[in-house]
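Colleague: Mind having a look at this structure? Questions to follow.
The values are calculated or read from the model by the stated rules, or taken from the named source; none is laboratory data. Note that the coordinates shown come from a computational prediction; the quantities given were computed from them, not determined experimentally. Virtual Cβ from ideal backbone geometry, glycine too; neighbours counted across all protein chains shown. Ligands, DNA and RNA are stripped out before the accessible areas are found, and what is left, the full protein with its side chains, is counted by its heavy atoms. Shrake-Rupley method; radii C 1.70, N 1.55, O 1.52, S 1.80 Å.
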Amino acid sequence: MSRFFAKPGDSSSEEETESEEETSEEESSEDEKPQQQLKKSSSFTKDAPVRKGPRKVVSQKDKRYDEMRQTVKALQNAMKINDWNAIASDFQKLNQQISKASNLISESGVPKFYISIIAKLAQVVEETTKDKDKVKKMSKTNAKSLNAMKQNIKKNNAQYENEIAKFLENPVEDEGEDEDEEEDESSESESESESESESESEDEKPKKKKDDDDEEEDDDDDEDEWSSSSSDDSSSSDDAGRSGATGISKWMKTGDGSDSSDDDGFEKVKKKKEPKVRETKARKEDEDKPKDSGKKEEQMVLTEENVKKKLEETLAVRGKKGTSKKDQIAQLEVLATANISPMMTAQVLVHLISSQFDLITAQFLHHQAQQRDRAGLGLLPISFEIENQNGSKVSSRDQCLWTKTMRNIRRLLEVLSENPELNEENTGQSAATVSRAQVPDDMFEDDEPLQVASNLVSFVERLDDDLYLSLRLLDNHAPEFLKRLLDIAPFLQLAEDVQTYYLKMGKKDVAARLAMRRLEHLYYKHDSLVAKAGTIVQQHGDRVENRAAFIEEMAMLVYQYGDDTIRTKAMLCQIYYHALHDRFYQARDMMLMSHLQDNIHQSYTIPTQILFNRTMAQLGLSAFRCGLIMDAHNCFDELCCNNRLKELLAQGISSQRYNDRNETQERAERKRQTPYHMHINLELIECCHLVGAFLLEIPKMVAMAYDSKRKWTSRALKRVFDNSDRNPLSGPPETTRDVIMAGARALEKGDWRQCEAHILALPVWSQIGSEESVVKVTEMLRRKIKEEALRTFLFAYSAFYDALSLEQLCDMFELERQVVNTLVSKMIISEELFASWDQPTGSIVMHKKERSRLHHIGLQYSDLLGKLVESNEKVMSDGMRSFVVGISVTAATSSSSRTRLAAAGSEGLEGNVEEETEGLG
């Protein structure tokens, strides 16, 4: 009996229904597997979501684009887990889909989501390739796929260079992609909610089987369910009867309003999605913008009590998350304008300056996190850009954060100078005892700058560090760099005033630190340049007249009261200053007395080593300008021998073929670079070194042409000669090295005029100094070339002459009689030339003692024989000693044994001599 016709109190009907349920459960368990297959095959099961709205017809374009988006999603998932095998296959699949949709792409253009994914994929490939540790941990197949992707993505992206460039300028994702994702998510959520509701309705049926005590409640529930199910059946039958549809068509919903009471036959139209905005960036800008709290503070009466209370509140929230640093600075600036006691004013200024330095640090770290290369340096917090009320950036030197901080430091100095009773304790400063120079330089190589103490001298040092950092990072061709150089003069004036204040306070060790800071900005400037600038603008913090005494006064203060590190730096700066002004002997004596060359590379930090290298380079240039070729060569030898001059002077990073630096070392090396206005001309150093080297080396080459033991005095010149010898088809000289090499070859042949024409035609000599220095160096080089050409001629051709006239030599090399007489006499005294003077005739008489090539070969042969005899004698003496110690025999036996050993030794000697003779033959 059917349950629909049973009465509520009929027990028989309940028994029948229970028995029917049991039989139905058994049948369902037997037919479970075919039903499951039927459910899987059928698309209209109970769990399947019911489609709402009219039937959707998809165009060919949407179909193609949906397939591409699904591939892009799979590609993004593979990129997240670093699966390059899947990335390679999905990338190939995506390109195939793009080629299939070529007709659609030719009409509407390349999809934005495709440009986005290939741009991101190129970036991921580049980052993964740079991470060597990550590549080593990959499997062989994964690494092989990565290498293949590196080539494929480069080749593929070459076709879409313009589209990728436009996308990188404005990286906005495809809106259609996001909408489709939302549609998928909404449909999934709807299907999940429907399936959950249906599962809940199904789960209610098994719960009907309970104990006998709850039968009445179960019956009531059954009645409710029966009524609802009957109504559902009737409604479904009515719908089917109304539509007259059969099969699959009766399950499709139409838009005539008869299917559902919820939609009433209308379709839901989605709102157009707005482009996404980066919330973090907006939040960052809101935090950085100062609020209008300054107006509220002005309305408040700024008494000392209120200022103290507000200062405590500001310091309590300082450094916490969500606190705007610009807002705090604005509040402290308002508090600093209050008419309060000097002690409270000094406290407010100390915290204001510290907050400004914190803002510089935060902005710098934010910039470093976004972009570590040299592009976009206008975003640096130490630049001259400020924001107007409209949010636009304007270049300003007077209103930038660095200048405001310097003004506040000067105001703090004025407050402390006018009130001598104020000390570091009652003004909120920390003790100025530890110098930043005493801190190891490794601490400055981290990404985060070192937090300095809150006192006046530390503020000045931090201001100097930011100034040096800006000069190092800004583009030297940009106008901001030239503007930034103008800030050196006011900083020097501020440092001088602070140094005077500490000298009055009796803290001479702190004054020595400030004197070292001033000396670092003055030692590399020539007096003539300062004098020219002094005629136009007043030189604050510097001296135009008697500048050498001014530099020495600061250095002496550092020598007396400074620590070891800054004393060493002051010594090097003073040596550099003397060498810059061609006081070579004074600079050389200071260097030798300091003994810095003995342990500079073991006991001192890297910045101090860089300063030492710069000093040695300037010392070599000074010796070259003074005509001391040998001293200049000795100064340049260690700097130029390994072809690493740029790195040793911290003026750039050379691109080596086999780079042994990792990313961390390269980043640390970039931080140690010297600003552009302090650079020394590298081409000038190399030119002076090579010219001095060949002036010393060419005469020796000619004199010892047949000597196999000859050693080169300059490895750099030897490398240039070897490269020239390996190139048999050399054209006209183009580079500086080629011109110097052509001059050396001409000097080797004795053609001093051609050598002079090559060397003096180099344009680099104009960079050696002032006009007077250029003329002086030109005359010195012309004289040196003639003298070395004369020595080379005597070494090469003296064996072919019986006598040489002094007048003839003077005419050949255009030298004075006294100069030729001096050179020839020195060669005769040092036994380089076997000749003597004939004073009555004024000629040089040759003694014919120069060795020919046969003589040199014979001498080599005799040297080999001498070595052979020595080795045999050593072997024979060792054999005698072992024989005497090991065996005790009679005198006759020992004499006979010595005779046999001597005979054996002579036989061995003859054999070795024959072998050496064959080898020489």
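Colleague: Filter the range 830-859 down to the residues that are at pLDDT below 80 and assigned to a helix (DSSP H, G or I), then identify the one that is least open to solvent (accessible area, probe 1.4 Å). So that I can check it myself, show each step before the final result.
Modeller: Going residue by residue through the range 830-859, those that are at pLDDT below 80 are 848-857, 859.
Subsequent filtering for residues that are assigned to a helix (DSSP H, G or I) retains 853-857, 859.
On the way: ARG853: 155, LEU854: 131, HIS855: 99, HIS856: 47, ILE857: 85, LEU859: 76 Å².
Taking the candidates together, the pick is HIS856.
Colleague: Could you run through the range 59-80 and say how many residues are part of a helix (DSSP H, G or I), of a type in the set (S, T, N, Q) and under 28 Å from GLU107 (Cα atoms)? Spell out how you get there, then give the answer.
Modeller: The initial filter retains those residues of the range 59-80 that are part of a helix (DSSP H, G or I), namely 60-80.
After this cut, where a residue has to be of a type in the set (S, T, N, Q) as well, the list is 60, 70-71, 76-77.
After this cut, where a residue has to be under 28 Å from GLU107 (Cα atoms) as well, the list is 60, 70-71, 76.
Of the residues in that region, 4 qualify.
Colleague: Could you tell me which numbered condition LYS483 fails, if it satisfies all but one of (1) in contact with a Ser or Thr (Cβ under 9 Å, 6 or more places away or on another chain); (2) farther than 28 Å from LEU649 by Cα?
Modeller: Of (1) in contact with a Ser or Thr (Cβ under 9 Å, 6 or more places away or on another chain); (2) farther than 28 Å from LEU649 by Cα, only one is false for LYS483: (2).
Colleague: For the range 148-170, how many residues meet the condition of being assigned to a loop (DSSP other than H, G, I, E, B) and either crowded, with 17+ Cβ neighbours inside 10 Å or not assigned by TED's automatic domain parsing to the domain that holds LEU121 (or both)? Steps first, answer last, please.
Modeller: Residues of the range 148-170 assigned to a loop (DSSP other than H, G, I, E, B): 170.
Still in the list and also either crowded, with 17+ Cβ neighbours inside 10 Å or not assigned by TED's automatic domain parsing to the domain that holds LEU121 (or both): none.
Selection size over the range 148-170: 0.
Colleague: Do the conditions hold for MET827, that is, is it surrounded by 11 or more Cβ atoms within 10 Å (Cβ to Cβ), of a type in the set (A, V, I, L, M, F, W, C), modelled with pLDDT of 65 or more and closer than 30 Å to PHE795 by Cβ?
Modeller: Working: surrounded by 11 or more Cβ atoms within 10 Å (Cβ to Cβ): yes; of a type in the set (A, V, I, L, M, F, W, C): yes; modelled with pLDDT of 65 or more: yes; closer than 30 Å to PHE795 by Cβ: yes.
Spelling it out, MET827 is indeed surrounded by 11 or more Cβ atoms within 10 Å (Cβ to Cβ), of a type in the set (A, V, I, L, M, F, W, C), modelled with pLDDT of 65 or more and closer than 30 Å to PHE795 by Cβ.
Colleague: Separate question: Scan the range 81-114 residue by residue and report those that are part of a loop (DSSP other than H, G, I, E, B) and within 34 Å of the chain's Cα centre (by Cα). Full working, then the answer.
Modeller: As a first pass, look at the range 81-114 and keep what is part of a loop (DSSP other than H, G, I, E, B): 81-83, 101, 109-111.
If the condition is that a residue be part of a loop (DSSP other than H, G, I, E, B) and within 34 Å of the chain's Cα centre (by Cα), then ILE81, ASN82, ASP83 are the ones that fit.
Colleague: Let me ask another. Within the set of pairs 6 or more residues apart or between chains, which connect a residue that is over 13 Å from ASN82 (Cβ atoms) inside the range 139-151 to a residue that is modelled with pLDDT of 85 or more and of a type in the set (Gly, Ala, Ser) with Cβ atoms less than 7 Å apart?
Modeller: That search, which allows pairs on different chains as well, returns ALA148/ALA88.
Colleague: Does any residue in the range 724-738 that is farther than 16 Å from HIS689 by Cβ come within less than 7 Å, Cβ to Cβ, of a residue that is part of a loop (DSSP other than H, G, I, E, B) six or more places away or on a different chain, and which pairs are these?
Modeller: Note: pairs meeting the criteria are SER724/SER730.
Colleague: Moving on. From the list LEU592, LEU621, LEU611, exactly one residue is assigned to a helix (DSSP H, G or I), modelled with pLDDT of 90 or more and open to solvent by 50 Å² or more (accessible area, probe 1.4 Å). Which is it? Steps first, please.
Modeller: Values: LEU621 fails: open to solvent by 50 Å² or more (accessible area, probe 1.4 Å); LEU611 fails: open to solvent by 50 Å² or more (accessible area, probe 1.4 Å).
The unique qualifying residue is LEU592.
Colleague: Follow-up. I'd like to check something: does the range 665-674 contain any residue that is among the hydroxyl-bearing types (Ser, Thr, Tyr) and either modelled with pLDDT under 90 or open to solvent by 60 Å² or more (accessible area, probe 1.4 Å) (or both)?
Modeller: First pass over the range 665-674, keeping only residues among the hydroxyl-bearing types (Ser, Thr, Tyr): 674.
If we keep only those that are either modelled with pLDDT under 90 or open to solvent by 60 Å² or more (accessible area, probe 1.4 Å) (or both) too, we end up with none.
Among the residues of the range 665-674, not one is among the hydroxyl-bearing types (Ser, Thr, Tyr) and either modelled with pLDDT under 90 or open to solvent by 60 Å² or more (accessible area, probe 1.4 Å) (or both), which makes the answer no.
Colleague: For the range 780-806, enumerate the residues that are farther than 18 Å from LYS700 by Cα, outside any strand (DSSP E or B) and either open to solvent by less than 60 Å² (accessible area, probe 1.4 Å) or modelled with pLDDT of 90 or more (or both).
Modeller: Residues of the range 780-806 farther than 18 Å from LYS700 by Cα: 780-783, 800-806.
Within this subset, residues satisfying the condition of being outside any strand (DSSP E or B) are 780-783, 800-802, 806.
Those that are farther than 18 Å from LYS700 by Cα, outside any strand (DSSP E or B) and either open to solvent by less than 60 Å² (accessible area, probe 1.4 Å) or modelled with pLDDT of 90 or more (or both): MET780, LEU781, ARG782, ARG783, LEU806.
Colleague: Considering only the range 520-551, state which residues are exposed (fewer than 13 other Cβ atoms within 10 Å of the Cβ) and of a type in the set (A, V, I, L, M, F, W, C).
Modeller: LEU529, ILE536, VAL537, ALA549 - these are the residues of the range 520-551 that are exposed (fewer than 13 other Cβ atoms within 10 Å of the Cβ) and of a type in the set (A, V, I, L, M, F, W, C).
Colleague: Taking the range 338-356, which residues are open to solvent by 20 Å² or more (accessible area, probe 1.4 Å) and part of a helix (DSSP H, G or I)?
Modeller: Taking the range 338-356 as the starting set, the residues that turn out to be open to solvent by 20 Å² or more (accessible area, probe 1.4 Å) are 339-343, 347, 351.
Result: PRO342, MET343, GLN347, HIS351.
Colleague: When the range 681-720 is examined, which residues are found to be buried (at least 19 other Cβ atoms within 10 Å of the Cβ) and either of a type outside the set (A, V, I, L, M) or assigned to a loop (DSSP other than H, G, I, E, B) (or both)?
Modeller: GLU686, CYS687, CYS688, HIS689, GLY692, PHE694, GLU697, PRO699, SER714
Matching residues to (1) farther than 16 Å from ILE629 by Cβ; (2) of a type in the set (Val, Ile, Thr); (3) touching a Lys or Arg at 6+ places or on another chain (Cβ under 8 Å); (4) without any contact (Cβ under 8 Å) to a residue 24 or more places away in the chain:
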| position | (1), (2), (3), (4) |
| --- | --- |
| ILE759 | no, yes, no, no |
| VAL764 | yes, yes, no, no |
| THR792 | no, yes, no, no |
| TYR801 | yes, no, no, no |
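Colleague: MET616 - would you say it is surrounded by 22 or more Cβ atoms within 10 Å (Cβ to Cβ), part of a helix (DSSP H, G or I) and touching a Cys at 6+ places or on another chain (Cβ under 7 Å)?
Modeller: It is true that MET616 is surrounded by 22 or more Cβ atoms within 10 Å (Cβ to Cβ), part of a helix (DSSP H, G or I) and touching a Cys at 6+ places or on another chain (Cβ under 7 Å).
Colleague: Need pairs with beta-carbon distance below 6 Å; first residue in contact (Cβ under 8 Å) with a residue 60 or more places away in the chain and within the range 662-681, second of a type in the set (Asp, Glu); sequence gap 6+ or separate chains.
Modeller: Pairs found: ALA668/GLU445.
Colleague: Take residues that are of a type in the set (Phe, Trp, Tyr) and touching a helix residue (DSSP H, G or I) at 6+ places or on another chain (Cβ under 9 Å) and tell me which of the helices (runs of 4 or more DSSP H) falling wholly in the range 472-561 contain 1 or more. It would help to see each step written out before you state the result.
Modeller: Working: elements: 479-485, 488-505, 508-520, 527-534, 547-561.
Once the helices (runs of 4 or more DSSP H) in the range 472-561 are filtered for at least 1 residues that are of a type in the set (Phe, Trp, Tyr) and touching a helix residue (DSSP H, G or I) at 6+ places or on another chain (Cβ under 9 Å), what remains is 479-485, 488-505, 547-561.
Colleague: List the residue pairs whose Cβ atoms are under 7 Å apart, where the first residue sits in the range 812-827 and is part of a helix (DSSP H, G or I), the second is open to solvent by 30 Å² or more (accessible area, probe 1.4 Å), and the two are 6 or more positions apart or on different chains.
Modeller: From residues that are part of a helix (DSSP H, G or I), the pairs are LEU823/ARG791; MET827/ARG791.
One line per residue, one yes/no per condition, for (1) touching a residue at least 40 places away in the same chain (Cβ under 8 Å); (2) hydrophobic (A, V, I, L, M, F, W, C); (3) in the same structural domain as ASP582 (by TED's automatic domain parsing):
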{"residue": "LEU514", "(1), (2), (3)": "yes, yes, no"}
{"residue": "ARG517", "(1), (2), (3)": "yes, no, no"}
{"residue": "SER528", "(1), (2), (3)": "yes, no, no"}
{"residue": "LYS532", "(1), (2), (3)": "no, no, no"}
{"residue": "THR535", "(1), (2), (3)": "no, no, no"}
{"residue": "ASP542", "(1), (2), (3)": "yes, no, no"}
{"residue": "GLU545", "(1), (2), (3)": "no, no, no"}
{"residue": "ILE551", "(1), (2), (3)": "no, yes, no"}
